[in-house]
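Structure first, commentary second.
Every number here is computed from the coordinates shown, using simple stated rules; none is lab data. Bear in mind that the values here come from a model prediction, so they are computed numbers and not experimental data. Cβ sites come from the backbone with ideal geometry, for glycine too, and all protein chains shown count toward neighbours.
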Amino acid sequence: MLRPALRPRYAHKILARGLATVRDGQPTEKKPPTAVVMLNMGGPSTLDQVHSFLSNLFHDSDLIPLPMQKVLAPLIAKRRTPKIEEQYKEIGGGSPILRWTRTQGEGMAALLDELNPESAPHKAYVAFRYAEPLTETCLEEMRADGVQRAVAFTQYPQYSCSTTGSSLNELYRVAKKEGWGANGEVKWSAIDRWPAHPGLVKAFAANIRKTLESFAPETRDEVVILFSAHSLPIEIVNRGDTYTPEVAATVYAVMQELNFSNPYRLTWQSKVGPKAWQGPQTAAMVEGLAKRGHKDICLVPVAFTSDHIETLFELDIELKEDADKLGVNLTRAGSLNDSPIFVRALADIVSTHLRDFDAGNVGSASKQLMLRCPECTSPRCARTKSWIQKGGREAEA
Ligand code: FES
């Protein structure tokens, strides 16, 4: 049960709520917020969180299936920690993803209060998969606030079973383990993907237009727009994962918004290990373009909604160094971070979902979420999907 495991900072809130329920015979309790739970992978905010972040990451078999996972995961995490700590040192000592997620969430919740007064107040919660605030922390905070209605809102615009799927599996697992949130205490629904939402597309396009202005006007139209997304092991793609086509959908919609003003390609970054991953790799593409004489590149991270290690270190430091050596003018479009267009898009996605849900136009889970990968063998996926479809209730025994 959750109560004995409560951390002190939330325990007093739950007690206070209980005491304040009735005063002078009148209910005095404030209306609990409609929770919008922002799901993402997270990142270590400080260097001393790097090891636990890596340990959580390598223990996640939805993301990295390993033989003897419980044995190998701690070994790999320990071995990689010093190198990854160095990378975080180079970007200022930690990941900014929590700061950006909170900024985006607060802006979104404020807009939602205006857009959907009937479900106000709205409050953004953060549930990271590998760093604090982890799902346990998020659920404690929600329980302390008396939440009864929650939307699990993925911050990965394009769905993958290894990212959004993993976060949803974790949400169900932790809620069940902690004894709160898994069996009717909260009415759940999920927003599982939004790869071509017009606001997302406009936010990307605005940042690209701004970046293109930094190139010489006479060659600006020939700058290659290179979209870069985090890659996936090809075995996940071949299982029937929808990430690859959904990233392509984002890219095509953004280019449509730009009236196909420039040549473009979609490439994939962050491959690790010896196995085959979705390609072509971003670094190899920059090299290949340079060989063909394309020396002006506008780089666009298209699957991240804020800066973190993959943009600030991998693209801005490592790839930029490679490009400089090749004589390529590689300029990265800014991440969405505190883009007002993007924050409005987040609010619009949730606002529409809440209205459609209340009107009965959509269920707790989308039809697309309910279709398992044809080659999926994970019982976790089946249980989680069924739980969400039932609005956060366990299946009858
Ligand atoms: Fe895709 Fe299980 S791996 S549904």
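Of the residues Lys367, Lys320, the one with the fewest other Cβ atoms within 10 Å heads the list, and the complete ranking is Lys367, Lys320. Span-like helix criteria (full DSSP H runs; alpha carbon extent of at least 18 Å along the helix axis; mean Kyte-Doolittle hydropathy of at least -1.0) are satisfied in the chain by 97-115, 164-178, 198-212, 243-257, 340-358.
Using the charge dipole of segment 22-177 (Lys, Arg: +1 at Cβ; Asp, Glu: -1 at Cβ; taken about the Cα centre), state which of Pro32, Leu54, Ser160 has its Cα farthest towards the positive end. Value: Leu54. Charged side chains reduced to their Cβ positions (Lys and Arg at +1, Asp and Glu at -1) give the chain a dipole of some 1020 debye around its Cα centre. Under the criterion of Cα pairs below 8 Å and six or more residues apart, the relative contact order for segment 198-332 equals 32 percent. At a Cβ-Cβ separation cutoff of 4.7 angstrom, cysteine residues of the chain with no neighbouring cysteine are Cys138, Cys161, Cys298, Cys381.
Amide H contacts of Ser228: Thr267, Val300, Val302, each under 5 Å away and 5 or more positions distant or on a separate chain (H built 1.01 Å from N in the peptide plane; Pro and chain starts excluded). For Arg332, the shell of other residues with beta-carbons less than 9 Å away shows a net charge of 0, using +1 for Lys and Arg and -1 for Asp and Glu.
The ranking of Val186, Val300 by Cβ neighbour count inside 10 Å, starting from the fewest, reads Val186, Val300. About its Cα centre, segment 198-332 has a charge dipole of approximately 220 debye under the convention of +1 per Lys or Arg Cβ and -1 per Asp or Glu Cβ, with nothing else charged.
Computed from the C-alpha gyration tensor, the three semi-axes of the ellipsoid equivalent to the chain are 37, 24, 20 Å, from longest to shortest. Comparing Ala249, Ala203, Ala150 in a Gaussian network model of the chain (Cα springs below 10 Å), the most mobile by mean-square fluctuation is Ala249. The Rg/Rh ratio of segment 198-332, with Rg taken over Cα atoms and Rh as the Kirkwood radius over Cα pairs, comes to 0.95. Mean-square fluctuations from a GNM of the chain, with a 10 angstrom spring cutoff on Cα atoms, peak among Cys298, Cys376, Cys138 at Cys376. Charge tally for Ser162 (other residues, Cβ to Cβ under 10 Å; Lys, Arg +1; Asp, Glu -1): -2. Cross-linked pairs Lys187/Lys385; Lys271/Lys325; Lys187/Lys390; Lys202/Lys320: Cα-Cα separations exceed 20 Å for Lys271/Lys325; Lys202/Lys320. Comparing mean-square fluctuations of Glu218, Glu178, Glu318 from a GNM of the chain with C-alpha springs under 10 Å, the top value falls on Glu218.
A cut-off under 9 angstrom between Cβ atoms defines the neighbours of Leu54, and their net charge, with Lys, Arg +1 and Asp, Glu -1, is +2. Annotation: extensible slack from Ala216 through Thr46 equals 57.3 nm (criterion: 0.36 nm per residue apart, minus Cα-Cα distance).
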